[in-house]
Amino acid sequence: MTQQVSSLKEKEERGDTGMRTTSWKGALILLSLAMVLLFAVACGDDEDDAAAPATTTTTTEPAAADDAMMEKPTLIFSDLDWVSAQIQNAIARKILEDGYDYETDAVFGGTVPLMEALTRGDTNITMEIWLPNQQEAYDTAIAEGTITSVGKSLEDNWQSAFIIPNYTAEANPGLRSVEDLKNPEYMKLFETPDSKGKARLLNCIPGWECEGINLSKVENYGLSDFVEPINPGSDTALTAEIRSAFEQQEDVLFYYWGPTVLTHELDTMLGGYTILEETDHTDACFETDFLCSYPVSEVLIVMRSDLIDQAPEVLEFFKKWDFNAGNQLAAEGYLNESDADYPEVAEWFLANTDDWKNWVTPEAVAKIEAAQAG
């Protein structure tokens, strides 16, 4: 019994020592495995971290590209200071905003400063460039590649520096040409307190190219001692004074153009008008001394060349634009009858005519009509 206990005790002691040896070695093995596992996890994290930026770049770059593709330039119109240009601007802006999702703006001014603004890049669309009035500035900008002609407007137009009422022409059968204004008898017909004893010529609006052309005509025709050009102040003032003179059957000598509501009224309701004769127009004449009549003008829609690639659908829209005399007279008639502002005229035009639907895509028509429906 004692021997069994002793033997057992020795075994236990050996077993204890064996167990302790086995546990120490196992611990080392487990520690080694843990370290390997930890290293593997750490390496895996590092690999994931290294891959993360590439994954992020891959997912965000297409979104950035999409945003860049969706970004559209703001369309800035030259808001020329006469009725037809402002009506056309309002209609074009409304179509481009509602039908094509562009933001638009406008810079107000006269012909000369707004041509300069267009070439500088302060504006990027002009709806009415009148040639040959603006020929020199236009040709320069075209040659430099700054602007591109993208369409036409108001093709059925005219203008003249020397116009009188039909009732004045009928009462004075010898007054038929510009040269006849040198006759004191006819000169006196148009004398007023502010005309310095000469015939008073209501001139083109200040800041328009035709203002300078008409001054050159007076000087080069030898009319400086017979005709005094008068600044009308504005398009509105010029129109009002002409209409008033016709309504009161007064003799008046004036510059004007068409098609406009006023010329339609003068022709159909107030007895008509007579354009004093000049030499037939030639290009050479308008490149030198202006001693000839105005031509039927070419009225162009112009965009800055750097806008074309950014807004190709705008280019296609203006290529189809056709704002003829009928459209102009209808829109201007509504303007005068309703006392509406230009954006309201645009709303009326889109709601009451169909011509514009031929200028835009079917998708744009649907969006514009949806915007009108509210």
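The values are calculated or read from the model by the stated rules, or taken from the named source; none is laboratory data. If you're wondering where the values come from, they're calculated on a predicted model, not measured in any experiment. Here the Cβ is made from the backbone with ideal geometry for all residues, glycine too, and neighbour counts use every protein chain on show.
General observations
- With respect to the stated conditions, VAL314 fails to be of a type outside the set (Ser, Thr, Tyr) and either at pLDDT below 95 or in a strand (DSSP E or B) (or both).
- The listed residues are GLU278, GLU219, GLU265, and the only one of them that is of a type in the set (Asp, Glu), crowded, with 16+ Cβ neighbours inside 10 Å and at pLDDT 95 or above turns out to be GLU278.
- Qualifying residues in the stretch 126-167 (those that are β-branched (Val, Ile, Thr) and in contact with a Phe, Trp or Tyr (Cβ under 9 Å, 6 or more places away or on another chain)) - the one surrounded by the most Cβ atoms within 10 Å (Cβ to Cβ): ILE129
- The set of residues in the stretch 283-306 that are at pLDDT below 95 and of a type in the set (Val, Ile, Thr) comprises THR288, VAL296, VAL299.
- Meets criteria (in the same structural domain as ILE95 (by TED's automatic domain parsing) and at pLDDT below 95) for LEU350: no
- Residue count for the stretch 246-262, restricted to those that are buried (at least 20 other Cβ atoms within 10 Å of the Cβ) and assigned to a helix (DSSP H, G or I): 3.
- Any hit, the stretch 97-118, residues being in a helix (DSSP H, G or I), at pLDDT below 95, farther than 24 Å from ALA351 by Cα and among the hydroxyl-bearing types (Ser, Thr, Tyr): yes
- Taken together, the residues in the stretch 296-311 that are surrounded by 18 or more Cβ atoms within 10 Å (Cβ to Cβ) and assigned to a loop (DSSP other than H, G, I, E, B) amount to 2.
- Among residues that are in a loop (DSSP other than H, G, I, E, B), assigned by TED's automatic domain parsing to the domain that holds LYS319 and either surrounded by 14 or more Cβ atoms within 10 Å (Cβ to Cβ) or modelled with pLDDT of 95 or more (or both), ALA364 is not included.
- Any hit, the stretch 165-178, residues being of a type in the set (Asp, Glu) and either in contact with a Ser or Thr (Cβ under 6 Å, 6 or more places away or on another chain) or under 23 Å from LEU291 (Cβ atoms) (or both): no
- Residue that is without any contact (Cβ under 8 Å) to a residue 60 or more places away in the chain and out of contact with any Cys (no Cβ under 6 Å at 6 or more places or on another chain), where the choices are ASP289, ASP280: ASP280
- Odd one out for THR274, checked against (1) of a type in the set (S, T, N, Q); (2) farther than 29 Å from PHE77 by Cα; (3) free of Cβ contacts under 8 Å to residues at least 24 places away in the same chain: (3)
- When residues in the stretch 324-369 are screened for being of a type in the set (Gly, Ala, Ser) and closer than 20 Å to TYR100 by Cβ, 4 of them pass.
- Among the candidates ASP355, ASP339, the residue that is surrounded by fewer than 14 Cβ atoms within 10 Å (Cβ to Cβ) and modelled with pLDDT under 95 is uniquely ASP339.
- Every residue from the stretch 145-183 that is acidic (Asp, Glu) and either part of a loop (DSSP other than H, G, I, E, B) or in contact (Cβ under 8 Å) with a residue 12 or more places away in the chain (or both): GLU155, ASP156, GLU179, ASP180
- Residues that are part of a loop (DSSP other than H, G, I, E, B), crowded, with 17+ Cβ neighbours inside 10 Å and either at pLDDT below 95 or not charged (D, E, K, R) (or both), drawn from the stretch 193-215: SER195, ASN203, CYS204, ILE205, TRP208
- The lone exception for PHE290 - which of (1) crowded, with 18+ Cβ neighbours inside 10 Å; (2) at negative phi it fails: (2)
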